[in-house]
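The values are calculated or read from the model by the stated rules, or taken from the named source; none is laboratory data. Please read these numbers as outputs of a predicted model, since none were measured by experiment. No Cβ is skipped: glycine too gets one built from the backbone with ideal geometry, and neighbour counts run over all protein chains shown. With ligands, DNA and RNA removed, areas are computed over all heavy atoms of the protein, side chains included. Shrake-Rupley method; radii C 1.70, N 1.55, O 1.52, S 1.80 Å.
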Amino acid sequence: MPRLFATQTGFWFGRVLFLAALVSLWVSPGLRSEESDDAQIEEEYFTAIRLLYRGDIESLKKAPRLLKKLAVAGHARSQDALGTLYRQGLGVIQSDKQAVRWFEEAAEQSYPNSMLSLAELYLEGLGVEQDYAKARELLERLLDPEAKYEVRIEDFSQLRRAKARSSYLLGVIHSSGFGVDENMEKAIVLFETAAHSGDQDATMYLAITYAEGTKVEKSVDKAKEYFELL
């Protein structure tokens, strides 16, 4: 199967830079005991992120150990980070199966980025048996208007990207008939939602599709609109 489902590799490295810049602003004095515990967990998480940011061999060995400690304790952000490290083979031996394990743990806590990453792995059959239905369920959950996700302010833009990506991937599923009846009308709505939320693959798809006029009525104006949006 063609690799229609582009991964989020770039998202992780951008997040590393962003989170590292916020570390010094994160923990405030005078917190209640429970808040203090949460702050300590977050500080340990950011310590691991800073180590990843350094990029030297020793730091890349230490960061996954710190993240695993937090992940085992149920910290969703660390579970997501650890899954990403295994997916990319950064500081650990690359393992899609381990990536699936940790993304599943975080997805059970409704952590948006892990839900998306897990859906991608189901779509491509990496580390898990290919399952379009499970992928679609995760993506639809992410886009459910009734769903409420408790995300920190620095993760809000990531949630927006995850939703945009989910719209794109659902568009691919419906336009290609992966586990569902092909429905180009529904797919176009999903692609347009993704494109106007910043997903470049969706934007390119629409630009080309409207220019060629193969699956939709040819429209030079719409093709131009989406090429310009890129």
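For beta carbons closer than 9 Å, sequence separation of 6+ or different chains, a first residue in segment 118-135 that is open to solvent by less than 50 Å² (accessible area, probe 1.4 Å) and a second that is part of a helix (DSSP H, G or I) and polar (S, T, N, Q), the qualifying pairs are A119/S166; G127/Q98.
Return the total of residues in segment 205-230 being charged (D, E, K, R) and surrounded by 15 or more Cβ atoms within 10 Å (Cβ to Cβ). The number of residues fulfilling the criteria is 2. Within segment 48-58, if we keep just the residues that are free of Cβ contacts under 8 Å to residues at least 24 places away in the same chain and part of a helix (DSSP H, G or I), the residue that is least open to solvent (accessible area, probe 1.4 Å) turns out to be L51.
For segment 142-173, a residue qualifies if it is exposed (fewer than 14 other Cβ atoms within 10 Å of the Cβ) and hydrophobic (A, V, I, L, M, F, W, C), and the qualifying residues are A147, I153, F156.
Can you work out which of the residues in segment 174-204 that are open to solvent by less than 60 Å² (accessible area, probe 1.4 Å) and of a type in the set (S, T, Y) is nearest to R160 (Cα to Cα)? That would be S197.
Hey, S95 hits all of (1) of a type outside the set (F, W, Y); (2) open to solvent by 40 Å² or more (accessible area, probe 1.4 Å); (3) more than 25 Å from I153 (Cα to Cα); (4) touching a residue at least 12 places away in the same chain (Cβ under 8 Å) but one; which does it fall short on? Result: S95 passes all but (2).
Selection of first residues in segment 175-189 that are free of Cβ contacts under 8 Å to residues at least 24 places away in the same chain and closer than 18 Å to T203 by Cβ and of second residues that are part of a helix (DSSP H, G or I) and open to solvent by 80 Å² or more (accessible area, probe 1.4 Å), restricted to Cβ pairs under 9 Å at least 6 apart or on distinct chains, gives an empty result. A count restricted to segment 104-117 and to residues that are in contact (Cβ under 8 Å) with a residue 24 or more places away in the chain and out of contact with any Asp or Glu (no Cβ under 7 Å at 6 or more places or on another chain) stands at 8. Please tell me if S33 is modelled with pLDDT under 95 and either closer than 21 Å to D155 by Cα or crowded, with 19+ Cβ neighbours inside 10 Å (or both). The answer is no for S33. May I ask you to verify whether V72 is surrounded by fewer than 14 Cβ atoms within 10 Å (Cβ to Cβ) and under 22 Å from the mean Cα position of the chain (by Cα)? So V72 passes the test.
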